[in-house]
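The values are calculated or read from the model by the stated rules, or taken from the named source; none is laboratory data. Fair warning: this is a prediction, and the values are worked out from it, not measured in the lab. Every residue, glycine as well, gets a Cβ built from its backbone with ideal geometry; the counts of neighbours run over all protein chains shown. Heavy atoms of the whole protein, side chains included, go into the accessibility calculation; ligands, DNA and RNA do not. Shrake-Rupley method; radii C 1.70, N 1.55, O 1.52, S 1.80 Å.
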Amino acid sequence: MRNTFGNLFTLTTFGESHGPAVGGVVDGMPAGIDIDMEFIQNELNRRRPGQSKITTSRNEADKVELLSGVFEGKSTGCPIGFVVHNTNQHSNDYNNMRDLFRPSHADFTYTSKYGIRDHRGGGRSSARITISRCVGGALAKLVLRQLGVSITAYTSQVGNIEVSRDYSTLDFAEIERNPVRCPDPEKARLMEELISDVKKDGDTIGGIITCVVKGCPVGVGEPEFGKLHAMLGASMLGINAAKGFEYGEGFDCVNSRGSKQNDVFYSENGKVCTRTNHSGGIQGGISNGEDIYFRTAFKPVATILQEQQTVDKEGNATTFCAQGRHDPCVLPRAVPIVEAMTAMTILDYIMVNNGTSLRF
């Protein structure tokens, strides 16, 4: 089982949803970075359950404890170990699914691959494991902050309710002002109403998260294996419930001709820029200095509070109805996870890029 992400900036994670704790080790963290614990904890708070009536009611403080790699408030360059204890598990809620396979979950595939699985909350396949990604992403953000790189993700669509595709028309200051994390207040209200209605029906709904990276330097990414957009795609599709990824114009580019799609270059004060950004800030797998933007689609959460048909581990037909506390829509809590994975990917490849030539 592969549990390590990255090349030079790496994150190795451990833990299960209903185990004693989840955590990880970040290696490759540059030395001398100010470690802002309030910032790191706030990133976890954005992901934590129980934030609003449209998220799961599981009540976890998700308090992070750094175990190593920090001295007098700064990173030492040594591995940073961390742990977040689980304190509010209701494992009995999962007893009725010990011997059966939940539709669209990893129950069947895990059992087929390993011959054993932790049925309590999905074990290792639970979205709770993304806590470690948020800590790693927060540390990466602290480094990127010093490099002038910012990363902003937001809910851009829930069901059939969507905001403008032109992110420059949106006010990012609105994102954290509503429980859906949508920069359009009116669309946020409609999204929240839709999620609430879906929750009342014991059902779930999906949507899209958009992410914008500003300040990424030119030259990040590899021209063959390791293209920046491919690595971002892999990072996004590795998030629980993610089903699709597109960057720049994405699939919409098929409606245009090359004469309309090409990003024309011009020079401004000695800096090469593009008049448009259909490429999404990446050309030939390498960043070109423009904003990087992409979208990730998330499916409706697989756990619904309705009776469903399935089979047990012996292959016998049966029915079951999920119990417990579950998200009717993953989008609001997935926003900080998208940012975290983006931050680790961008920082990792900036560090890789710094090794492409000798500089004395």
> Among the candidates 104, 156, which residue alone is in contact with a Lys or Arg (Cβ under 9 Å, 6 or more places away or on another chain) and either buried (at least 20 other Cβ atoms within 10 Å of the Cβ) or assigned to a helix (DSSP H, G or I) (or both)?
Replying inline: 156
> Can you name every residue in the range 197-214 that is touching a Lys or Arg at 6+ places or on another chain (Cβ under 9 Å) and either of a type in the set (Phe, Trp, Tyr) or at pLDDT below 95 (or both)?
Replying inline: 199
> Hey, residue 138 hits all of (1) modelled with pLDDT of 95 or more; (2) surrounded by fewer than 23 Cβ atoms within 10 Å (Cβ to Cβ) but one; which does it fall short on?
Replying inline: (2)
> Among (1) of a type outside the set (S, T, N, Q); (2) surrounded by fewer than 19 Cβ atoms within 10 Å (Cβ to Cβ); (3) assigned to a loop (DSSP other than H, G, I, E, B), which single condition is residue 328 missing?
Replying inline: (2)
> Which ones in the range 203-233 are small (Gly, Ala, Ser) and either on the phi > 0 side of the Ramachandran plot or buried (at least 20 other Cβ atoms within 10 Å of the Cβ) (or both)?
Replying inline: 207, 215, 219, 221, 226
> Among the residues of the range 218-243, which ones are under 15 Å from the mean Cα position of the chain (by Cα), aliphatic (A, V, I, L, M) and assigned to a loop (DSSP other than H, G, I, E, B)?
Replying inline: 239, 241
> Being farther than 20 Å from residue 330 by Cβ, among the charged types (D, E, K, R), open to solvent by 40 Å² or more (accessible area, probe 1.4 Å) and assigned to a loop (DSSP other than H, G, I, E, B), is that true of even one residue in the range 191-202?
Replying inline: no
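Let's see how each residue does on (1) in contact with a Lys or Arg (Cβ under 8 Å, 6 or more places away or on another chain); (2) outside any loop (DSSP other than H, G, I, E, B); (3) small (Gly, Ala, Ser):
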{"site": "295", "(1), (2), (3)": "no, yes, no"}
{"site": "310", "(1), (2), (3)": "yes, yes, no"}
{"site": "314", "(1), (2), (3)": "no, no, no"}
{"site": "319", "(1), (2), (3)": "no, yes, no"}
{"site": "323", "(1), (2), (3)": "no, no, no"}
{"site": "340", "(1), (2), (3)": "yes, yes, yes"}
> Which is more than 21 Å from residue 343 (Cβ to Cβ), open to solvent by 20 Å² or more (accessible area, probe 1.4 Å), assigned to a helix (DSSP H, G or I) and out of contact with any Gly (no Cβ under 6 Å at 6 or more places or on another chain), of 88, 95, 45?
Replying inline: 95
> Counting only residues that are at pLDDT 95 or above and not hydroxyl-bearing (Ser, Thr, Tyr), which one in the range 101-135 is farthest from residue 29 (Cα to Cα)?
Replying inline: 131
>> If I filter the range 277-293 down to residues being outside any loop (DSSP other than H, G, I, E, B) and in contact with a strand residue (DSSP E or B) (Cβ under 7 Å, 6 or more places away or on another chain), which single residue comes out as nearest to residue 106 (Cα to Cα)?
In response: 293
> Within the range 107-135, can you find the residues that are small (Gly, Ala, Ser), open to solvent by 30 Å² or more (accessible area, probe 1.4 Å) and assigned to a helix (DSSP H, G or I)?
Replying inline: 112, 125, 127
> Name the pairs: first residue in the range 106-124 and touching a residue at least 24 places away in the same chain (Cβ under 8 Å), second residue of a type in the set (Gly, Ala, Ser), Cβ to Cβ under 7 Å, at least 6 apart or on different chains?
Replying inline: 120/17; 120/91; 121/17; 122/17; 122/106; 123/17
> What number of residues in the range 34-69 are within 20 Å of residue 204 (Cα to Cα) and among the hydrophobic types (A, V, I, L, M, F, W, C)?
Replying inline: 1
> Using beta carbons and a limit of 9 Å, which pairs, at least six apart or on different chains, have the first residue in the range 137-155 and in contact (Cβ under 8 Å) with a residue 24 or more places away in the chain and the second one among the aromatic types (Phe, Trp, Tyr) and open to solvent by 10 Å² or more (accessible area, probe 1.4 Å)?
Replying inline: 138/39; 141/39; 142/39; 152/167; 152/172; 154/167; 154/172
